[in-house]
Amino acid sequence: MNILTLIGAAFIGLSLGLTGAGGSIITLPVLVYIAGVPAHEAVGISLFVVGIAALVGAIQRIRLGEFHASAALMFGTSGMMGAMIGARLTSLVSGQVLLIFFAVLMLVVALNMLLGAKKDLTLPAECRLLRCLLAGLGVGVLTGFIGVGGGFLLVPALIKFARLPVRTATGTSLTVIAFNSASGFYSHFGQAPPHWSLALIFALMAVAGVVVGTAFASRLPAKRLQQVFAILVLTTGTYVLWQNVHSLS
């Protein structure tokens with residue numbers, strides 16, 4: 001494992017701790033292009049790393065009171081089911097197609113982060129059963145399929161469908177990410193058992209990042225951090241897309 005891999009792992013955790021989202025979107029590219037892990041195996045490792053890091057971050061956020069139990073339960077329950085479904089879909093496509101799909105998703109996420117603006121809500125939190133279960137299911141399928149925690153979708157979904165304030169949505173999303181990642185990892189384990197030494201070292205670095213990120217979350221300008229991260233995601237997504245589309249020709 002080289003130093004760039006370790007830095008990438010720490011950055012993933014740092015982003016999760018600061019924003020409750022986003023860090024997992026670069027886990028797969030770091031594993032594939034820097035650590036040299038095959039795409040299908042990288043999906044399982046990504047779920048393991050993101051799940052461990054998110055769990056640590058969730059514990060910290062719960063202690064701060066930035067957590068909504070019923071929303072976490074509904075999104076987490078349906079999300080775990082969705083992650084198991086998504087994990088079954090991964091083996092149906094080639095590693096190249098998987099990375100192209102992932103790259104397109106990265107570009108969409110980056111543009112949404114750059115152009116979108118989060119607004120805190122004054123309405124009381126309300127997570128209606130059907131809409132929250134369906135939203136959680138959709139995010140879970142994506143989690144299992146391409147090995148992302150889905151925080152970049154969970155945070156806005158929790159704000160829209162459960163009417164959570166931004167900071168509460170951020171803390172709640174980490175809990176859901178941990179559940180979804182655990183379910184997806186379990187489903188992937190039989191298909192492609194991970195390289196445990198790499199997974200554990202990667203997870204430890206990500207945990208260190210999430211601890212630091214959570215500690216500084218309330219002290220740094222969240223909007224500027226989001227913009228910087230979005231540019232990084234946009235650049236990485238463009239590179240991954242170009243690499244894989246170019247190899248098709």
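Key figures for this structure:
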| item | result |
| --- | --- |
| Only one of 57, 144, 140 that is in contact (Cβ under 8 Å) with a residue 60 or more places away in the chain, more than 16 Å from residue 159 (Cβ to Cβ) and in contact with a Lys or Arg (Cβ under 8 Å, 6 or more places away or on another chain) | 144 |
| Residue within the stretch 17-32 that is more than 15 Å from the chain's Cα centre (by Cα), closer than 23 Å to residue 125 by Cβ and polar (S, T, N, Q) present | no |
| Restricting the stretch 122-165 to residues that are closer than 14 Å to residue 68 by Cα and among the β-branched types (Val, Ile, Thr), the residue that is surrounded by the fewest Cβ atoms within 10 Å (Cβ to Cβ) | 159 |
| Pairs, first free of Cβ contacts under 8 Å to residues at least 60 places away in the same chain in the stretch 84-104, second buried (at least 19 other Cβ atoms within 10 Å of the Cβ) and of a type outside the set (Asp, Glu), C-beta under 6 Å, six or more apart | 85/141; 89/145; 95/39; 98/39 |
| From the options 18, 89, 4, residue that is crowded, with 19+ Cβ neighbours inside 10 Å and of a type outside the set (Phe, Trp, Tyr) | 18 |
| Members of the stretch 126-183 that are under 17 Å from residue 18 (Cβ atoms) and charged (D, E, K, R) | 167 |
| Candidates 71, 58, 54, filtered to the one that is over 16 Å from the mean Cα position of the chain (by Cα), under 30 Å from residue 127 (Cα atoms) and either aromatic (Phe, Trp, Tyr) or buried (at least 22 other Cβ atoms within 10 Å of the Cβ) (or both) | 71 |
| Residues of the stretch 211-248 satisfying the condition of being surrounded by fewer than 20 Cβ atoms within 10 Å (Cβ to Cβ), among the aliphatic types (A, V, I, L, M), modelled with pLDDT of 80 or more and within 24 Å of residue 111 (Cβ to Cβ) | 231, 234, 241, 245 |
| Failed item in (1) more than 23 Å from residue 210 (Cβ to Cβ); (2) loosely packed, with under 15 Cβ neighbours inside 10 Å; (3) under 18 Å from the mean Cα position of the chain (by Cα), with residue 98 passing the rest | (2) |
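The values are calculated or read from the model by the stated rules, or taken from the named source; none is laboratory data. This is a predicted model, so every value here is computed, not measured. Note that we place each Cβ from the backbone using ideal geometry, even for glycine, and neighbour counts take in every protein chain shown.
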